[in-house]
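Accompanying notes for the structure given below.
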Amino acid sequence: MSDQNAGGVDARVDITGVVCPVTFVKTKVALEELEDGQVLELRLSAGEPIQNIPRSLKDEGHKVLSVRLLDDGAYLLTVRKGGLAV
Amino acid sequence: MSEIDYAALKKGGFMRQVQKDKFSMRLKVIGGQLQAEQVFRIAEVAKKYGRGYIHLTSRQGVEVPFISVGDIEVVKKELAEAGVKVSVCGPRVRTVTACQGSAVCPSGAVETTALAEELDARYFGKQMPHKFKIGVTGCRNNCLKAEENDLGIKGGIFPEWKAGACTFCGLCVAVCPVGAIALDAVAPNAGAPNVLASDKEKPSLEKSSFEKPSFEKPSSLSFDSGKCVYCGKCVRSCPSSAWQGRGGYLLSFGGMFGNEIKEGLRLIPLVFDREKVLKAADVAVRFYQEHGKAGERFGRTLMRTGADDLKRALEEAIR
């Protein structure tokens with residue numbers, strides 16, 4: 001898929017230090033800073049955050065591009081703002 | 001006054017109380033739902049003939065305590081005017097419970113309310129060797145505790161993967177609670193296969209500070225359907241709709257959660273066709289009626305007879 005790597009990462013946010021619902025609030029605030037089509041890199045914890053945040057992103061029209069499990073057990077997501085709105 | 005027939009009253013939903021000649025009246029509720037008009041009438045009756053309160057039972061039922069034996073007929077009549085019926089107790093099919101299912105709940109994998117009504121229409125009050133409970137829950141979250149019931153029905157999503165739509169982002173691997181999905185990366189030092197897929201992605205990946213240099217873009221996915229628990233998390237989270245799901249019903253048989261505690265047995269795979277769910281329910285009810293001893297719960301019957309015969313009959317029914 002061609003949109004996987006276009007543009008690289010435009011902003012980063014780490015939500016491993018907060019709990020629901022602040023996790024999604026921080027994610028939304030970070031996305032608001034971006035333009036549609038820009039990419040946010042999101043670092044989040046296993047468990048509830050990885051179960052719920054991507055689903056909420058999908059509901060709001062943002063597209064997860066990649067997911068990586070890190071050595072410390074957290075996940076690294078790249079998300080394209082408005083990537084599902086076609 | 002003639003002798004009170006407690007057994008007949010219990011059968012008809014009037015439970016004897018500690019207080020002499022007072023009865024807790026169990027009302028019929030299907031799938032935990034009552035119309036507003038029914039609720040108003042129940043409230044009126046509780047004020048007029050009870051002590052002004054109702055009791056919510058553990059299985060979505062409503063009871064009005066402190067009904068006097070002499071008021072039973074008039075109470076039944078007043079309730080009937082608003083479409084409220086009394087329930088049952090004793091060795092028969094009890095209240096069919098249900099969550100709100102896919103009609104209301106975002107987690108719901110299947111419709112539950114109409115199914116509960118259909119099950120109620122078929123089996124409610126039917127004479128059995130012992131109590132027989134049916135519960136319907138819309139998804140794996142299992143709010144209605146399907147496996148506690150003699151017949152439990154639980155919604156599930158059977159996922160199907162469409163290779164063409166997949167971006168191999170890895171989200172499904174991350175959200176799957178049982179590790180049924182794996183992305184297979186091209187090994188970094190395994191000669192030169194599949195360079196097209198990996199080379200294309202390299203520039204952007206190297207920009208990420210978290211990226212390991214050896215990382216290669218996955219190019220295939222494997223799904224172990226034997227491990228799948230039908231939770232649908234892959235389907236709900238997939239950003240490219242590569243995972244599509246089909247809702248189905250997982251049935252369990254012989255559960256109980258009273259004097260004895262036993263989880264219902266999962267004897268057959270996910271059933272997609274609602275008619276087949278009803279066929280399987282028919283088989284289970286008939287099996288228990290034929291093989292259960294008086295006072296023996298379905299789960300006990302299955303322990304005594306073994307579940308193989310029932311399993312075979314169920315497999316036949318859902319074929």
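The values are calculated or read from the model by the stated rules, or taken from the named source; none is laboratory data. These numbers were taken from a predicted model, which means no experiment stands behind them. Reconstructed Cβ throughout: ideal geometry from the backbone, glycine too, with neighbour counts over all protein chains shown.
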Exercise for review: Kindly indicate whether residue B:278 is within 16 Å of the chain's Cα centre (by Cα), modelled with pLDDT under 95, in the same structural domain as residue B:129 (by TED's automatic domain parsing) and closer than 20 Å to residue B:112 by Cβ.
Suggested key: no
Study note, to complete from the structure: residue A:9 fails exactly one of (1) at the interface with chain B (Cβ under 8 Å from one of its Cβ atoms); (2) farther than 24 Å from residue B:181 by Cα; (3) modelled with pLDDT of 95 or more, namely (3)
Check your understanding: On the given criteria, is residue B:39 of a type outside the set (Gly, Ala, Ser), surrounded by fewer than 16 Cβ atoms within 10 Å (Cβ to Cβ), modelled with pLDDT of 95 or more and in a loop (DSSP other than H, G, I, E, B)?
Key -> no
**Study point:** Residue satisfying all of: in the range B:90-108; surrounded by 20 or more Cβ atoms within 10 Å (Cβ to Cβ) and at pLDDT 95 or above; farthest from residue B:16 (Cα to Cα) among these
**Key:** B:101
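Would you point out the residue of the range B:2-36, among those that are assigned to a strand (DSSP E or B) and aromatic (Phe, Trp, Tyr), that is nearest to residue B:137 (Cα to Cα)?
So in the range B:2-36, the residues assigned to a strand (DSSP E or B) come out as B:14-16, B:22-27, B:30, B:33.
From what's left, aromatic (Phe, Trp, Tyr): B:14, B:23.
Details: B:14: 28, B:23: 31 Å.
The selected residue is B:14.
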Check your understanding: Can you tell which of B:96, B:104 is in contact with an Asp or Glu (Cβ under 8 Å, 6 or more places away or on another chain) and assigned by TED's automatic domain parsing to the domain that holds residue B:277?
Key -> B:96
Exercise for review: Scan the range B:280-319 for residues that are hydroxyl-bearing (Ser, Thr, Tyr) and crowded, with 18+ Cβ neighbours inside 10 Å and jot them down.
Suggested key: B:288, B:301
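For every residue, the table says whether it meets (1) in contact with a Gly (Cβ under 8 Å, 6 or more places away or on another chain); (2) modelled with pLDDT under 90; (3) of a type outside the set (Ser, Thr, Tyr).
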| position | (1), (2), (3) |
| --- | --- |
| B:3 | no, yes, yes |
| B:13 | no, no, yes |
| B:16 | no, no, yes |
| B:20 | no, no, yes |
| B:27 | yes, no, yes |
| B:33 | no, no, yes |
| B:47 | no, no, yes |
Check your understanding: With respect to the numbered conditions (1) within 11 Å of chain B (Cβ to nearest Cβ); (2) small (Gly, Ala, Ser); (3) surrounded by fewer than 16 Cβ atoms within 10 Å (Cβ to Cβ), which one is the sole condition not fulfilled by residue A:74?
Key -> (3)
Point to revise | Positions within the range B:43-61 being surrounded by fewer than 21 Cβ atoms within 10 Å (Cβ to Cβ) and under 27 Å from residue B:135 (Cβ atoms), in sequence order | key: B:43, B:53, B:54, B:55, B:56, B:57, B:58, B:59, B:60, B:61
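So which helices (runs of 4 or more DSSP H) stay within the range B:67-180 end to end and still have 1 or more residues that are over 23 Å from the mean Cα position of the chain (by Cα) and aliphatic (A, V, I, L, M)?
On the way: elements: B:72-81, B:113-123, B:171-175.
In the range B:67-180, B:72-81, B:171-175 are the helices (runs of 4 or more DSSP H) which contain 1 or more residues that are over 23 Å from the mean Cα position of the chain (by Cα) and aliphatic (A, V, I, L, M).
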Review point. Exactly one of (1) within 12 Å of the chain's Cα centre (by Cα); (2) free of Cβ contacts under 8 Å to residues at least 60 places away in the same chain; (3) assigned to a loop (DSSP other than H, G, I, E, B) is unmet by residue A:85. Its number?
Key: (1)
Review point. Looking at B:249, B:288, which is the one that is of a type in the set (Ser, Thr, Tyr) and not in a helix (DSSP H, G or I)?
Key: B:249
Check your understanding: Quick one: residue B:236 ticks every box in (1) touching a residue at least 12 places away in the same chain (Cβ under 8 Å); (2) within 30 Å of residue A:55 (Cα to Cα) bar one, so which box is it?
Key -> (1)
Practice item. Could you check residue A:46 against (1) at the interface with chain B (Cβ under 9 Å from one of its Cβ atoms); (2) free of Cβ contacts under 8 Å to residues at least 24 places away in the same chain and say which number it fails? Key: (2)
Check your understanding: Can residue B:258 be described as over 20 Å from residue B:122 (Cα atoms), in the same structural domain as residue B:146 (by TED's automatic domain parsing) and surrounded by 21 or more Cβ atoms within 10 Å (Cβ to Cβ)?
Key -> no
Check your understanding: Say we look at the range B:245-275 and pick out the residues that are over 17 Å from residue B:119 (Cα atoms) and either within 14 Å of chain A (Cβ to nearest Cβ) or of a type in the set (Lys, Arg) (or both); which of these is farthest from the chain's Cα centre (by Cα)?
Key -> B:245
Check your understanding: Which one of the conditions (1) in a helix (DSSP H, G or I); (2) within 11 Å of another protein chain (Cβ to nearest Cβ); (3) buried (at least 17 other Cβ atoms within 10 Å of the Cβ) does residue A:56 fail to meet, given that it meets all the rest?
Key -> (3)
Check your understanding: Any chance the range A:26-41 includes a residue that's in contact (Cβ under 8 Å) with a residue 24 or more places away in the chain, surrounded by 16 or more Cβ atoms within 10 Å (Cβ to Cβ), in contact with a Ser or Thr (Cβ under 9 Å, 6 or more places away or on another chain) and within 11 Å of another protein chain (Cβ to nearest Cβ)?
Key -> yes
